[in-house]
1. Post the alpha-carbon centroid distance, the stretch 112-132 to the stretch 38-103, in whole angstrom.
2. Quick one: helix 76-95 against the long Cα principal axis of the chain, what's the angle to the nearest 10°, folded into 0 to 90?
3. What spacing in nm lies between the two simple spin-label points modelled at residue 51 and residue 4, each 7 Å away from Cα in the Cβ direction?
4. For q = 0.20 Å⁻¹, what log10 I(q)/I(0) does the chain give under the Debye formula with an equal point scatterer on each alpha carbon and no solvent?
5. What percent does the relative contact order of the chain come to when contacts are Cα pairs within less than 8 Å and at least six residues apart?
6. On C-alpha positions alone, give me the angle between the axis of helix 122-138 and the longest principal axis of the chain, in degrees, nearest 10.
7. Working from Cα positions, state the angle (0 to 90°, nearest 10) between the long axis of helix 16-44 and the longest principal axis of the chain.
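Each value in this text was obtained by applying a stated rule to the coordinates, not by laboratory testing. A quick note: this is a predicted structure, and the numbers were derived from the prediction, not measured. Cβ placement follows ideal geometry from the backbone for every residue including glycine, while neighbour counts extend to all protein chains displayed.
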């Protein structure tokens, strides 16, 4: 059960509370570092984002990268969904990136995408940042 797990983690056999505190400090620093690296790429391309403090993801404003609106669309919300989906598929198929469209996460502002930057190892994260930079450079 959870209480036994936590008790064991904090107990002397596992290094006690000091090791747990050290782990949390290292983990927080690593998450902040990844967040900062993503924000550096976004800043370099003038992309706005919702600033976070060592969270697990970041909201990125990719509205300027959405495909053009459909002038014949009868419903603006549906057209935003279509445009986000097209960008989502382009990022995935052409650049090997998987960002979550904001509207699927109930983001109030269309065109925001969520990047979870804690789900990959360092090598994969470096590769993803390079791919994202390539996308941002090639589509403007």
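1. Comparing the Cα centres of the stretch 112-132 and the stretch 38-103, I get a distance of 15 Å.
2. Here the helix axis deviates by roughly 60 degrees.
3. Once both label points are built, they end up 4.7 nm from each other.
4. The Cα Debye sum returns log10 ratios of -1.17.
5. On the way: 146 pairs, mean separation 28.7, N = 140.
Reported as a whole number, the value is 21 percent.
6. Roughly 20 degrees, rounded to the nearest 10.
7. Helix 16-44 and the main axis of the chain meet at about 20 degrees.
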